[in-house]
Amino acid sequence: MLILRAYLAPVGLLCLSSCLIACTTPSDTVQTPAGEQAIEAVSAPTPTLPEALQEEFIQTQMQQGFTREETIAFLNKANYNQAVIDAITRPWEAKPWDQYYPIFLTEKRLEAGLAFWKKHEATIAKAAAKYQVEPQIIVAIIGIETFYGQYTGNYPVIDALYTLGFHYPPRATFFRKELGELMKLVKEEHLDISTLKGSYAGAMGYGQFIPSSYRHYAVDFDKSGNRDLLKSPEDAIGSVANYFHEHGWQVNAPVALPLNNSKSAPKAKVWAGEKLSYTVADILSPTLVLTDATDLDVSQKALLIELKQADKTDYWLGLNNFYVITRYNRSPLYSMAVYQFSQQLKEQHASKK
């Protein structure tokens, strides 16, 4: 195994684990795109449902065991919502890092996270041990996603997926599949489609699982007989841990490491959501090196993270666990916010013992 050890003096890179950021903007009440305030269907002309796509959806659901009548009845419950289109075209991740992280890394969220951890200490410890995922990552995800269940979204899930699946061409195929998954989920988990609310992208509950993730990764962690990600924090905790486990999380392995750049352009391309192709050795160079002395297998897969500040650009080395966080949300900014928030939580939780 090839090992690299780098010895370099620390530089003034962003370190939010030791410098807590307080934010008193409205972002403390609207925590994430999933946590919008009450959203009602916008009264605007409803686009015509493309007949070919409707028939394709019906045929797909019939192949999954539903009847034509059941599928049509399901579609008839959905309404077009222009607010969904508006929301997906202005995502938070479009902001530069220096504007993005203060939305999520706040003193208020940290305090809520520590309280949630304390209240559910035994459940979190059990999930962390069973699924081999550090507890702070579980707590961080639920905090970033919904402020611990306080802001789970107010878009009717069926309307959100219907709108995006039939009226948002850039990702219509994906969202039609999710609409089909929602139809299965409602039947399997006995959910009330008329009251089911979530994000503009159709994500639900404490951890904001889209229907396919709900069906495949949710677990009945409180042993109640059903997988309730909407009202059971225990099920949400176990399900988030299971999601990370199933996507290849490596317990006690590094997530991301800051780099010291001599202001020349990195030789590797900044990661933009693709599968990992670079190794650590491909990314590091004489002008882009680890900030702190660290033992690393330089043959392992890695990615280059770019964080744009007001007056400079910071670079980080993302490793397997960082990539796993991006399986939850493909934005590197989101994943970095989760990681840095998890470090805050870990440090403060340990100091209170």
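Tabulated results
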| quantity | calculated |
| --- | --- |
| Options [x] 60; [y] 50; [z] 45 - which one matches percent of Cα pairs over 27 Å apart as calculated here | [y] |
| For Phe209, residues with placed amide H under 5 Å, excluding near neighbours | Met204 |
| For Gly198, residues with placed amide H under 5 Å, excluding near neighbours | Asn154, Tyr155, Val157 |
| Max mean-square fluctuation residue, GNM over the chain, Cα-Cα springs under 10 Å, options Gly273, Gly205, Gly318 | Gly273 |
| Karplus (6.51, -1.76, 1.60) ³J(HN,Hα), θ = phi - 60°, over region 71-83, in Hz, Gly and Pro reported as x | 5, 5, 4, 5, 5, 5, 7, 8, 10, 5, 9, 4, 4 |
| Packing-based order for 172-179, 291-298, 232-239, using average beta carbon neighbours within 10 Å, highest first | 232-239, 172-179, 291-298 |
| Mean Cβ count within 10 Å, highest first, over the residues of peptides 126-133, 220-227 | 126-133, 220-227 |
| Packing-based ranking, highest mean first, of 149-161, 248-260 given that Cβ atoms within 10 Å are counted | 149-161, 248-260 |
| When each of Lys130/Lys346; Lys275/Lys312; Lys301/Lys353 is checked by Cα-Cα distance, pairs over 30 Å | Lys301/Lys353 |
| Approximate spin-label separation Phe174-Thr287, in nm, with each point projected 7 Å along Cα-to-Cβ | 3.4 |
| Local net charge near Ile58, Cβ-Cβ under 12 Å (Lys/Arg +1, Asp/Glu -1) | -3 |
| Taking Thr279, Thr71 and counting other C-beta atoms within 10 Å, the order from fewest to most | Thr279, Thr71 |
| Which of Ile137, Ile103 has the fewest Cβ neighbours within 10 Å, and the rest in rising order | Ile103, Ile137 |
| Residues with amide H under 5 Å from that of Thr279, placed H, sequence gap 5 or more | Ala302 |
| The chain, helix-only ellipticity at 222 nm - DSSP H runs n ≥ 4, -39,500 (n - 2.57), divided by all residues, nearest 500 | -13000 deg cm²/dmol |
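Quick note: the coordinates plus some simple rules give every number you see, no bench work behind them. Computed from a prediction, not measured in an experiment: that's the story for all the values here. In this analysis, Cβ positions are derived from the backbone assuming ideal geometry, glycine residues included, and neighbour counts consider all displayed protein chains.
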